[in-house]
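Engineer: One structure coming up, written as structure tokens, with questions to follow.
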Amino acid sequence: AAEKVYRASTTAPVNIAVVKYWGKRDPKLNLPTNSSLSVTLSQADLRTLTTASCSASYSAAEGDSLILNGEPSDVAGARTQACFRELRTRRAALEAADPSLPKLSTMPVHLVSENNFPTAAGLASSAAGFAALVRAIANLYELPASPSELSKIARQGSGSACRSLFGGYVAWRMGSEADGSDSLADQVAEAAHWPDMRALVLVVSAAKKGVSSTSGMQQTVATSGLFQERISKVVPQNMDLMEKAIKERDFPAFAEVTMRDSNSFHATCADTYPPIFYMNDVSKAAIRAVEAINAAAGRTVAAYTFDAGPNAVIYYLEKDTEAVVGTIHNVLGDIDGWKPAAIEGLKSTVSLD
Ligand code: PMV
């Protein structure tokens with residue numbers, strides 16, 4: 001008789017930090033040097049869809065596998081292996097407690113994963129990718145795990161992935177335990193708490209593959225003097241101010257902390273030896289455009305932030321769409337270096353999931 005194939009699918013969203021994770025105190029477990037906070041983007045615009053399956057009929061010799069956007073992809077990396085190991089251990093415990101359960105933990109897992117945005121867009125897809133991988137296998141294994149529990153597993157795949165287990169406004173608490181048991185994500189507020197928040201993703205076409213976040217963090221921790229100031233003073237204060245701004249739906253406060261924290265993160269990168277530059281001249285033009293928009297409005301209506309690359313994400317409120325998106329379109333539409341599609345397809349809202 002043909003062996004049964006067990007299957008589960010899930011989607012996970014992209015998140016963009018407004019207080020950045022930058023620095024590992026334990027690179028093996030992906031334990032951070034500071035807490036961070038992000039906004040989860042709409043899955044209608046940016047998400048990973050992952051199906052996990054397992055079967056006794058799958059070749060044990062071939063083992064676990066991943067097809068990412070139609071291409072066979074590596075699962076041998078230490079981070080991916082850590083996720084598989086954690087999930088299998090939990091499933092094996094369920095099977096040991098209830099011998100009537102099928103022994104899924106002993107079967108190879110096949111993953112098929114797809115982004116609904118081009119990987120070439122230069123957006124960090126690892127957060128959505130690892131969050132979807134972990135939840136798909138957790139569903140397949142019918143693990144009784146909360147999103148915060150799963151966030152600890154996803155964190156070992158990619159730090160920022162732990163925040164993609166929740167929608168809305170999400171904090172990753174750095175924790176203090178050496179085993180990572182208290183380094184997890186929790187929801188600060190649902191998307192519905194501040195439903196008129198919007199994010200605009202501006203993609204710089206000249207984006208070359210720069211310094212990976214892992215080696216950028218390593219270099220920053222090892223060589224930046226400014227970094228100590230950031231993790232001991234700047235970030236703790238930004239976390240407090242940001243949580244307050246979100247609770248009070250105070251956009252000017254939210255925006256100022258977002259921009260200051262992005263600036264602080266990129267300053268520590270420039271302070272490494274040799275320096276790392278993630279923003280380019282086009283990124284800097286976006287910063288000036290946001291400043292001009294805020295000056296013209298006479299209040300803060302837009303906030304920029306940049307991850308480990310030149311692409312800009314701009315947060316604003318729905319009521320200011322014309323002032324923000326219209327102006328960005330006019331100002332940057334003429335500048336070489338923006339992908340036309342990013343200007344054409346100006347969109348993306350905050351998720352309600
Ligand atoms: O999760 P990683 O290892 O790709 O690192 C992400 C780092 C930043 O995107 C720059 C900041 C953040 O908090 O997401």
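The values are calculated or read from the model by the stated rules, or taken from the named source; none is laboratory data. Model, not experiment: these values are computed from the prediction. Neighbour counts are summed over all protein chains in view; Cβ atoms, including those assigned to glycine, are modelled from backbone coordinates with ideal geometry.
Engineer: Among what's in region 1-34 and is more than 10 Å from the ligand (Cβ to nearest atom) and hydroxyl-bearing (Ser, Thr, Tyr), pick the residue that is nearest to ASP271 (Cα to Cα).
Structural biologist: Among residues in region 1-34 that are more than 10 Å from the ligand (Cβ to nearest atom) and hydroxyl-bearing (Ser, Thr, Tyr), the one nearest to ASP271 (Cα to Cα) is THR33.
Engineer: Answer yes or no: is there a residue in region 145-166 that is under 25 Å from LYS244 (Cα atoms), within 16 Å of the ligand (Cβ to nearest atom) and not in a helix (DSSP H, G or I).
Structural biologist: yes
Engineer: Let me ask something additional. Among the helices (runs of 4 or more DSSP H) confined wholly to region 218-323, which include 1 or more residues that are farther than 26 Å from VAL170 by Cα and charged (D, E, K, R)?
Structural biologist: Fully inside region 218-323 and qualifying: 281-297.
Engineer: Output the residue which, of all residues in region 35-53 that are within 16 Å of the ligand (Cβ to nearest atom) and not in a strand (DSSP E or B), is surrounded by the fewest Cβ atoms within 10 Å (Cβ to Cβ).
Structural biologist: Here is the first cut: in region 35-53, the ones within 16 Å of the ligand (Cβ to nearest atom) are 35-41, 46, 48.
From the residues that got through so far, the ones that are not in a strand (DSSP E or B) too are 35, 46.
On the way: SER35: 18, LEU46: 24.
Of everything passing the filter in region 35-53, SER35 is surrounded by the fewest Cβ atoms within 10 Å (Cβ to Cβ).
Engineer: Continuing with the same structure: State yes or no: is VAL235 more than 23 Å from PRO13 (Cβ to Cβ) and within 16 Å of the ligand (Cβ to nearest atom)?
Structural biologist: Taking the combined requirement at face value, the residue satisfies it.
Engineer: Select from region 35-78 the residues that are closer than 30 Å to GLU243 by Cα and charged (D, E, K, R) and list them in ascending order.
Structural biologist: Those that are closer than 30 Å to GLU243 by Cα and charged (D, E, K, R): ASP45, ARG47.
Engineer: Turning to a different aspect of this structure: Based on this model, can you work out whether ALA178 counts as within 13 Å of the ligand (Cβ to nearest atom), on the phi < 0 side of the Ramachandran plot and at pLDDT 95 or above?
Structural biologist: Values: within 13 Å of the ligand (Cβ to nearest atom): no; on the phi < 0 side of the Ramachandran plot: yes; at pLDDT 95 or above: yes.
Answer is no for this residue.
Engineer: Condition check: of a type outside the set (S, T, N, Q) and within 14 Å of the ligand (Cβ to nearest atom). Does ALA56 satisfy that?
Structural biologist: Values: of a type outside the set (S, T, N, Q): yes; within 14 Å of the ligand (Cβ to nearest atom): no.
Here the answer is no, as ALA56 does not meet what is asked.
Engineer: Go through ALA82, ALA132, ALA92 for me and flag whichever is surrounded by 15 or more Cβ atoms within 10 Å (Cβ to Cβ) and either more than 23 Å from the chain's Cα centre (by Cα) or not assigned by TED's automatic domain parsing to the domain that holds CYS162 (or both).
Structural biologist: Result: ALA92 is the single residue among ALA82, ALA132, ALA92 that is surrounded by 15 or more Cβ atoms within 10 Å (Cβ to Cβ) and either more than 23 Å from the chain's Cα centre (by Cα) or not assigned by TED's automatic domain parsing to the domain that holds CYS162 (or both).
Engineer: Now, a different point. Name the one entry in SER183, SER164 that is crowded, with 24+ Cβ neighbours inside 10 Å and either among the aromatic types (Phe, Trp, Tyr) or within 14 Å of LYS24 (Cα to Cα) (or both).
Structural biologist: Numbers: SER164 fails: either among the aromatic types (Phe, Trp, Tyr) or within 14 Å of LYS24 (Cα to Cα) (or both).
The match here is SER183.
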